[in-house]
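Worksheet for the structure shown next.
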Amino acid sequence: MSAEMLQHALYLSLALFAIGALGVFLRRNVITVLMCIELMLNAANLAFVVFSRAWGSLSGQVFVFFVLTVAAAEAAVGLAIVIAWQRHRDTLDVDAFDSMKG
Amino acid sequence: MAAGRTERWVNALVACVLTTVAVVGGGRVLLSLDREALIQVLGWMVLLLPLAGFAVLAFFGGWLKRDREELGAGVIACAAVTVAFGLAAWMTVKFATIEGELTGSVAQHGAYLKAQGVSAAARDEILTKVGRTLELTPYFPSGSAVSASVDWIRVGPLRVAFSLLIDRLSLLMMLVVTGVGALIHIYSLGYMAHDPERVRYFSYLNLFTFFMLLLVMSGSLPLLFVGWEGVGLCSYLLIGFWFKRPSAAAAGLKAFLVNRIGDAALIVGIILAFHVLGTVELVHLMDATRGVEHPGITEQVAGLAPETLGGFGPLTAIALLLFVGACGKSAQVPLHVWLPDAMEGPTPVSALIHAATMVTAGVYLVARLSPLFVKAPTALMTVAVVGLLTALLAGTVALVQTDIKRVLAYSTVSQLGFMFLACGVGFFGAAMFHLFTHAFFKALLFLGSGAVIHALGGEQDMRRMGGLWRRLPWTFWTFVAGAAAIAGLPLLSGYMSKEAILAGTLAAGHPWLTGWALVAAALTALYMTRLVCLTFFGLFRGSAEARDHVHEPPWVMRVPLILLAVGALGAGYVGVPRLVGPTLATPVASEAHAVWLTPLAIVLALAAIVATAYLYLEFVEVVPRLRARFAVVVRVLEAKWGFDLAFDWLVRRVVVGGSTALLWRRVDAGLIDAAVNGSAHLVDVLAERTRALQTGLVRQYALVLFGGTVVLLAYLVWR
């Protein structure tokens, strides 16, 4: 893998991460926020794979499996909370989650 | 009805059988003991019998109350104390026998050594050693036995045994407490016959007897302190016995509070004694200061510099603190204010607690630790001066009191002053002598006044008495016996003991104190004659109703009066100073005995009696003129020298006022509350500021989290 390709792949990862982060910060729908988090995780996955390839080591790809597992668990718990919230408050707006406001 | 009577007979029979079994069985066990063990067992029995009486009355009192005659409670209480007196007498006899044999054995040794031609100095040395050896069996030449002791308190170096100290001094006190106590118990059977709360009364009286015995028998200061507080408690309970009367409740409280002042000093004194001398056992304290060797204690005493008059060392501090405690209990100036008010209690209580026994506890304490007090001349001088001052002040106040019991109360304070004067000049034997005789005649006077009050249906004001001598011959003659004894008529008990005090004061080289003591003695004669004249002579000044009510007391009250009258007349012939001398510090007397002292004292007493009697019997109309002439003096005396006012001012202005203005408003509200509230306020302000951080916007939190991570990473990368 050439250095140029490595660079491009990392730019792609960075772009995906930035989109995800912006989505988390700017979107108000909980489900979108969760999806953006998935996007950030997958951007990280991409970076792992790229570095794994560049170093010729498999450990990066092993990490990806861990991240996927965690992402799946996170999605399950997150969606469960979202459903409970929806039933409780009848809204999916993140900014409505302000019971702990001081 | 018939069933009830049968039941009562059966009960009485069962009680008789049980008593017989107990007496026969107990007697066999006691007689099988050897003499040393017998004395110890008897000591515990004397101590615990009144406690048992109290326990029975306290726990089974309700059952006794169902008996319609309600005689049971009183009889049990009387029996407990009377039997205790009998056992104490038995103990005394045994004690005297053993001591006589020991002395005889030492004398034999002496005679043998003399026959061997040993020099006098060497003989003394050997005999002292023999005495030491005898000490190993629990008796020693100064004549005391310590009961087998159980460890009571054991903290670090402090070891206090639960032990009884039985020597001549405590035996004397035991006999006085149980003897006079038994008579007063019996008198109470009649005096309290109509009171619905008799069970409570007798249980308190028995409890008091127990604590008083504990006080005089205890082998260590902490145990003595238990008795000391116990009698204070019983005094409080009995002064406030008729607690529905507000004045009685207040008087009880006053007595308790004033006593607290003294007791606080006493406990500090005990702690200091332990700190300085390393022991709180009475035998050790007496021996240590007397020069008998004890491992560990002698060194500490030897390390102390000898203290002189005007000097102030640790021993003086201990002695003074103990004396402040004695002042509280024994009503010495300025802590005497509670005793006259204590007359709110039933009259037999005034006789037992506030005249014959409890108030003499302070004198007992000083006499008990006399070897320590003579090592502290400054303290001893204080004792003498305070005692004399008390004798004079109380004697003058007694002159203007109108309540018969209050005259007697001030008289008690005055006589206690005499006892402390005797202690202060080093004649502790004379103090114990006066304590002994005073117990008889003052108990007699109080019981006599109780008979008068009883006869008049509760009247205590002498202005509404008079001419009672024809109507109450028994009361009158016994009362006069007591009055004559306390006034110092020659050859009666009060004369003998007061004479011993006056002679001692002079022999100790204090002519000025002797002079003022003579004045105080004359005052005694004055106020007692006034009391007798107002009560028994002249015309009856009470209501017609009261006059018809007058009756002699029943025999159960008369017999104690007669027995006490015999004691008041003859108690002076018991050579108390000689008897208790070996346990006390020996007085340092110059041989300056003045032949004029005794005649002068007699002449003064007689002159005071004759003058007062003449004034009150022949020239009663002069009395108001005299009062008008000396109006200022009368007012000062009626204000009791202003002690109550001073205390009132001290407590209300200084304590309450100072507490309000300074401690409450400044310290409590201004400092402590401000600090607490201020810290709470600080937290409040900080919280108000920081709560703004909690916006409740999840996305904002996420942004802060993200920003933080970026900053951290940036730092890690570019540091």
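The table that follows gives values for the structure above.
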| item | result |
| --- | --- |
| Single residue of the range B:665-696 satisfying the filter (among the small types (Gly, Ala, Ser) and away from chain A (no Cβ under 14 Å)) that is nearest to A:Val30 (Cα to Cα) | B:Ala680 |
| Candidate set from the range A:57-71 (those that are surrounded by 11 or more Cβ atoms within 10 Å (Cβ to Cβ) and aliphatic (A, V, I, L, M)); member that is nearest to the chain's Cα centre (by Cα) | A:Ala71 |
| Members of the range A:44-96 found to be within 14 Å of another protein chain (Cβ to nearest Cβ), closer than 19 Å to B:Arg699 by Cβ and free of Cβ contacts under 8 Å to residues at least 60 places away in the same chain, listed by number | A:Gly78, A:Ile81, A:Val82, A:Trp85, A:Arg89, A:Thr91, A:Ala96 |
| Candidate set from the range B:702-717 (those that are within 9 Å of chain A (Cβ to nearest Cβ) and aliphatic (A, V, I, L, M)); member that is farthest from A:Ser99 (Cα to Cα) | B:Leu703 |
| Qualifying helices (runs of 4 or more DSSP H) (wholly inside the range B:254-340; at least 1 residues being on the phi < 0 side of the Ramachandran plot, surrounded by fewer than 24 Cβ atoms within 10 Å (Cβ to Cβ) and at pLDDT 90 or above) | B:314-329 |
| Matching option when the condition is in contact (Cβ under 8 Å) with a residue 24 or more places away in the chain and away from chain B (no Cβ under 14 Å), among A:Leu34, A:Leu10 | A:Leu10 |
| Sole residue being closer than 28 Å to B:Ala692 by Cβ and surrounded by fewer than 18 Cβ atoms within 10 Å (Cβ to Cβ), chosen from A:Arg53, A:Arg87, A:Arg28 | A:Arg28 |
| Residue within the range B:188-202 that is within 29 Å of B:Trp44 (Cβ to Cβ) and either hydroxyl-bearing (Ser, Thr, Tyr) or outside any helix (DSSP H, G or I) (or both) present | yes |
| Checklist (1) surrounded by 10 or more Cβ atoms within 10 Å (Cβ to Cβ); (2) more than 10 Å from chain A (Cβ to nearest Cβ) applied to B:Arg699, failing item | (2) |
| Within the range B:606-705, helices (runs of 4 or more DSSP H) holding 3 or more residues that are under 33 Å from the mean Cα position of the chain (by Cα) | B:631-638, B:643-649 |
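Okay, residues lined up against (1) assigned to a helix (DSSP H, G or I); (2) under 25 Å from B:Gly424 (Cα atoms); (3) of a type in the set (Ser, Thr, Tyr):
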residue: B:Ser497; (1), (2), (3): yes, yes, yes
residue: B:Ile501; (1), (2), (3): yes, yes, no
residue: B:Thr505; (1), (2), (3): yes, yes, yes
residue: B:Thr514; (1), (2), (3): yes, yes, yes
residue: B:Leu518; (1), (2), (3): yes, yes, no
residue: B:Ala521; (1), (2), (3): yes, yes, no
residue: B:Thr529; (1), (2), (3): yes, no, yes
residue: B:Leu534; (1), (2), (3): yes, no, no
residue: B:Phe540; (1), (2), (3): no, no, no
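The values are calculated or read from the model by the stated rules, or taken from the named source; none is laboratory data. Bear in mind that the values here come from a model prediction, so they are computed numbers and not experimental data. Backbone-built Cβ (ideal geometry, glycine too); neighbour counts: all protein chains shown.
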